[in-house]
Amino acid sequence: MLPRAVLPAVLVTVGVTLTAAWTGPGAQSVATPVATSSSADMATPGMAAVRFVVAANGNEARYRVTEQLVGLELPNDAVGVTSKVTGGISVDEDGRIIPGESRIVVDVTALKSDKDRRDGYVQRRLLETERYPTVTIKPTSISGLPVPLPGATGSVGPRALQMTGDLTVRGVTRPTTWDITASYNNGTVTGTAKTAFAFTDFQIEKPKVSVVLSVVDTIRLEYDFTLVRQ
């Protein structure tokens, strides 16, 4: 999670984006060689050793915002979700993300919470989805991947990872850090990615409606992902 800033996170996987890492059966995590990468040592496009794409099912991105509503004694989490997530992530033979081949896109026009009135406000006022219909995460680096990467078969996990990437919301792009828990099973990666940021980081105004007494100045994004190996 970023220091007071820099989503998520769902809504957003999604995982977020988001790839996974694993050790071989019986291996100890303390002995696992770790691959990290930065913008200074990124592999060039076309060097992908492994590519994972968003599966047709098993993906959900969501936002969480804590609010205090009129008539309720305790704060409540407003949660909006969507399953419309596309994209994929490529990793080179050294376990480094290939930025030019990695992107996760969330269709935020499909976000739904438990209140239609809230959904309309989020669509029209907060995210302006007619103008900005998607939220995008472009991964740039990941830590926790073993070298070499696991094969197409086998089952290992869960494992903790951390990913950085450029998140774009309402046309504003900021770097973000995602905490990920992922598992690998015969070519399929499943897990959850989380991040958080302040409303002001993406130039979003906090909601101001009569039924909402207060809103915490943090948006949390979560992405439950299922990625399949190509």
With DSSP loop assignment and no more than 14 other C-beta atoms within 10 Å, the trypsin sites (Lys or Arg not before Pro) in segment 148-230 are Lys208
If each K or R counts +1 and each D or E counts -1, the residues other than Val91 whose Cβ falls under 10 Å of its Cβ total -2
Scoring only Lys, Arg, Asp and Glu (+1, +1, -1, -1) among other residues with Cβ under 11 Å from the Cβ of Tyr184 yields +2
Long-range amide H partners of Leu145, meaning residues 5 or more apart or on another chain whose placed amide H is closer than 5 Å, are Ala35
If the chain between Asn186 and Ser155 were fully extended at 0.36 nm per residue, the gain over the current Cα-Cα distance would be 10.6 nm
With DSSP loop assignment and no more than 10 other C-beta atoms within 10 Å, the trypsin sites (Lys or Arg not before Pro) in segment 79-143 are Arg131
If amide H atoms are modeled at 1.01 Å from N in the peptide plane, then the residues at a separation of 5 or more from Glu93, or on another chain, having amide H under 5 Å from its own are Ala49
Placing each pseudo-label 7 Å from Cα in the direction of the beta carbon, Thr134 and Arg117 end up separated by a distance in nanometres of 3.4
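Since every read-out is calculated from the coordinates, none of them should be taken as a lab result. The structure presented is a predicted model; accordingly, all values stated were derived computationally and were not measured. Counting neighbours? That spans all protein chains shown, and the Cβs are built from the backbone with ideal geometry, glycine included.
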